[in-house]
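Everything below concerns the one structure shown next.
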Amino acid sequence: MTAYETMYILRPDLGEEQMDQAITKYQDLLKEQGVEEIDTQHRGKRRLSYEIQNFREGVYIQMNYHGQGHAIAKLEREMRISENVIRYLTLRHEGTPEADPEASESEDT
């Protein structure tokens with residue numbers, strides 16, 4: 001399993017209920033694709049650096065999870081066609097390299 005982080009920006013004019021529905025929708029979509037350990041953080045409403053789709057502000061949501069690449073493709077497709085998401089970005093986190101057993105033995109001698 002690979003670690004991923006998806007940050008997306010929701011429209012600022014959504015109500016609390018609509019925001020919760022959108023967040024739950026994307027979490028459920030990932031769970032259906034076999035993703036594990038979904039950690040969702042609501043970063044709040046922030047001012048955008050530049051206007052996007054006539055919006056000056058957006059609600060930032062960050063999700064960290066472990067899964068396969070096919071789950072990301074489905075998630076991004078859903079975000080692309082959604083009117084509630086104005087931007088999204090998914091990053092793959094590189095795992096820590098495993099220690100070379102021969103290197104640790106040579107350090108001990």
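Only the coordinates and a few stated rules stand behind these numbers; no lab work does. The shown structure was predicted, so the numbers you read here are calculated from the model rather than taken from an experiment. A quick note on method: Cβ atoms are made from the backbone with ideal geometry, for glycine too, and the neighbour counts reach across all protein chains shown.
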All Cα pairs of the chain, percent lying beyond 18 Å:
54 percent
In nm, spacing of pseudo-spin labels at Glu17 and Leu48 (7 Å Cα→C-beta vector):
2.6 nm
Förster radius 30 Å - calculated FRET efficiency between Leu29 and Thr2 (Cβ-Cβ, nearest 0.05)
0.95
Each residue of the stretch 22-34 in order: what ³J(HN,Hα) in whole Hz does its phi give by Karplus 6.51 cos²θ - 1.76 cosθ + 1.60, θ = phi - 60°, with x for Gly and Pro?
5, 4, 5, 4, 6, 5, 5, 4, 5, 4, 4, 8, x
Order these by the 10 Å Cβ neighbour count, fewest first: Arg43, Arg87.
Arg43, Arg87
